[in-house]
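Remarks on the structure that follows.
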Amino acid sequence: MSSFTSLGETVRDKGLVVSATLVPSSVMPIDGSRNSVHLDAMIDTGASHTVIRDDIPGKLGLNQVGEISANTPSATGVRCYQYAVDMMLPDNVRIQNIIVSAMPLEDQPIQCLIGRDILAKGVLIYIGYVNQFTLSF
């Protein structure tokens, strides 16, 4: 089982935010070279699926693999294109071939929400009184 732990005051102040790297899925065809994007991702147990900011697919040269209609706190029926990516988290934790939806995440300090689609594959432990969380797969 692979895992990583985050500890510090930022957990209380900013939420469960982690540095991540996205690359095109290793099992999907891509346009051009295998690019990567480094970003801040927030673990969001309220999000049913993982979301990336809508400018990221272009930076990675991703091909669309699907489309969904999503609800957000401020809108319903938001059209979102889906893409296949691999996500690298701290301590070499890698999640392969996940389908993410691209949405506007304007005026946010993050570029990704890690949703329950990924969390369902692992164990999330949050210890609030010491500002620590661990995610294991």
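The values are calculated or read from the model by the stated rules, or taken from the named source; none is laboratory data. Everything quoted here is computed from the prediction, not taken from an experiment. Because the Cβ atoms are built from the backbone with ideal geometry, glycine has one as well, and the counts that use them run over all protein chains shown. The area values use the complete protein model at the heavy-atom level, side chains included, leaving out ligands, DNA and RNA. Shrake-Rupley method; radii C 1.70, N 1.55, O 1.52, S 1.80 Å.
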Quiz item: In percent, how large is the relative contact order of the chain, given Cα pairs closer than 8 Å and 6 or more residues apart?
Solution: 35 percent
Quiz item: From the backbone phi of the range 38-55, what are the Karplus-calculated ³J(HN,Hα) couplings (6.51 cos²θ - 1.76 cosθ + 1.60, θ = phi - 60°) in whole Hz, Gly and Pro given as x?
Solution: 9, 8, 9, 10, 9, 6, 10, 5, x, 8, 6, 9, 7, 10, 10, 5, 5, 8
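Rounded to the nearest 0.05, what FRET efficiency is calculated for Thr134 and Ala75 with R0 set to 35 Å and r the Cβ-Cβ distance? Please list the in-between numbers first.
Numbers: r = 33 Å, r/R0 = 0.96.
E between Thr134 and Ala75, to the nearest 0.05, is 0.55.
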Practice problem: Starting from the range 16-106, pick out the trypsin sites (Lys or Arg not before Pro) whose DSSP state is loop and whose Cβ has at most 12 other Cβ atoms within 10 Å. | Solution: Arg34
Quiz item: At q = 0.17, 0.20 Å⁻¹, what base-10 log of I(q)/I(0) does the Debye formula yield for the chain when every alpha carbon is treated as an equal point scatterer in vacuo?
Solution: -0.92, -1.24
Practice problem: Report the net charge of residues surrounding Ser2, where surrounding means a beta-carbon distance below 10 angstrom and charges are Lys +1, Arg +1, Asp -1, Glu -1. | Solution: 0
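Using the heavy atoms of the protein chains and a 1.4 angstrom probe, tell me the accessible area per residue for the range 27-137 in square angstrom. It would help to have the intermediate numbers written out before the result.
Values: 5940 Å² over 111 residues.
Computed with neighbouring chains in place, this is 53 Å² per residue.
Please compute the length gained on full extension between Ser26 and Ala120, using 0.36 nm multiplied by the number of residues separating them and subtracting their Cα-Cα distance.
Result: 31.7 nm gained on full extension.
About the Cα centre of the chain, what is the dipole size in debye to 20, counting +1 per Lys and Arg Cβ and -1 per Asp and Glu Cβ, all else neutral? Please report the intermediate quantities before stating the final value.
Details: 9 positive and 13 negative charges, 55 e Å.
With Lys and Arg at +1 and Asp and Glu at -1, about 260 debye.
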Self-check item: For the chain, built as a Gaussian network whose Cα springs stay under 10 Å, the top-fluctuating residue of Ile95, Ile68, Ile52
Solution: Ile68
Self-check item: Label point distance in nm, Asp91-Gln108, each placed 7 Å from Cα along Cα→Cβ
Solution: 2.5 nm
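Quick one: pull the percent of accessible area on the chain belonging to carbon and sulfur, 1.4 Å probe, ligands and nucleic acids left out. Let's see the in-between values first.
Numbers: 3590 of 7350 Å².
Of the solvent-accessible surface of the chain, carbon and sulfur hold 49 percent.
Quick one: work out the % antiparallel among DSSP beta bridges in the chain, nearest 5.
On the way: 36 of 42 bridges.
Percent antiparallel among DSSP bridges in the chain is about 85.
Between Thr5 and Lys59, 0.36 nm times their residue separation minus their Cα-Cα distance comes to what? Kindly include the intermediate steps, with their values, before the conclusion.
Numbers: separation 54, 0.36 × 54 = 19.44 nm, distance 2.87 nm.
Result for the pair: 16.6 nm of gain on full extension.
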Self-check item: Estimated vicinal HN-Hα couplings, Hz - the range 104-111 in sequence order (Karplus 6.51, -1.76, 1.60; Gly, Pro = x)
Solution: x, 10, 5, 6, 10, x, 10, 10
